[in-house]
Amino acid sequence: MPELPEVETVRAGLAAHVVGRTVAGAEVRHPRAVRHHVGGGADLAARLAGRTITAAVRRGKYLWLDLDGAGDALLAHLGMSGQLLVTRPDGAAPAEAVGPVPTMVRPVSGGDAHLRVRVDFTDGARLSFVDQRTFGHVLLTDLVPTPDGGPGGHGSAVPALPAPVAHIARDLLDPGLDRAAASRRLRTRRTEVKRALLDQTLVSGVGNIYADEALWRAALHPRRPTDRLRPATVRELFDAAEAVMRDALAAGGTSFDALYVDVEGASGYFARSLDAYGRAGLPCRRCGALMVREHFMNRSSTLCPRCQRPPRGSGP
């Protein structure tokens, strides 16, 4: 599923292209896409009509659009293949966008087989939720106060976030994250370091791709016990994870196929720069040893057996 850089790329596109627009109407094409919305598709469409989008916000891998007036938001979870695509009938970039904004090139026709939810705006623009595998979903949900009183996430100064996201921790790109506290929480967990990185209640936004990349940069084996890590080692790991996600964000995220694109239908290019993920059998870019793939939580970890030594007693 998309991780922080991919979701942030989509959020930034929505901030540029839909914030400030008013909904003329909405249509739900597949009930599974709104399976978590109480009231179903008809209720979601009715409650969206006439609402103005005030902000595009993200926390970790979760994305939502703040709406005017009722203290609620349109929350989107992209799942494995969800896409939020913006189109204009005339193909022109929004007039209020600042700086060089590419033309919106991905039309979504009314007959698109994977179009799940369509939101039409009063000026003729359209937001489409397209999801080939239908693992993602959208719903309208109440906003609740953030526990620390800070902004709900990237893109908003409002100290609130959607109720289903209330348990999600801040991420390593969030200036409101207390890194010292996050480090203490990680080191008190009796688990493996990669499992801790993937725990969205510790720090959010990191998935399998960027966990492998961060661990390679920090020269840490994924099975290193968290309660044996020094504070300095955790700082290095957090710094590595932040750096790799910023690098990925600058490249538009990581695309392995057409299932991840930005709001204009463009793919990200960070896959070309990956140092660990997907490189099993290839030379380590740091020491030249062949990278290996190990089973991990119904997925896998890719690492360098020389640079990332396993903890004692854990095998080769």
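Summing Lys, Arg as +1 and Asp, Glu as -1, what charge do residues with Cβ under 9 Å from the Cβ of Asp120 carry, Asp120 excluded? Before the final figure, lay out each step's value.
Details: positive: Arg118, Arg126; negative: Glu27.
Result for the neighbourhood of Asp120: +1.
So, how do all the Cα-to-Cα distances of the range 184-227 break down into 10 Å bins, in percent, from 0 on up?
Here the calculated profile for the range 184-227 is 32, 60, 8.
Would any residue of the range 126-159 have its amide N under 15 Å from a label point 7 Å out along Cα→Cβ of His36? List them or say none.
In the range 126-159, the label zone of His36 (backbone N under 15 Å from the point 7 Å along Cα→Cβ) covers 134-144.
Mind listing the phi-derived Karplus ³J(HN,Hα) values for the range 26-37, rounded to whole Hz, using 6.51, -1.76 and 1.60 with θ = phi - 60°, and x for any glycine or proline?
9, 9, 9, 8, 9, x, 5, 5, 10, 5, 9, 8
Using a Debye calculation, one point per C-alpha and no hydration shell, please list log10 I(q)/I(0) for the range 1-66 at q = 0.14, 0.16, 0.18, 0.23 Å⁻¹ in order.
-0.49, -0.64, -0.80, -1.08
Just so you know, all these numbers are worked out from the coordinates, no wet-lab data involved. A quick note: this is a predicted structure, and the numbers were derived from the prediction, not measured. Cβ: placed from backbone, ideal geometry, glycine included. Neighbour counts: every protein chain shown.
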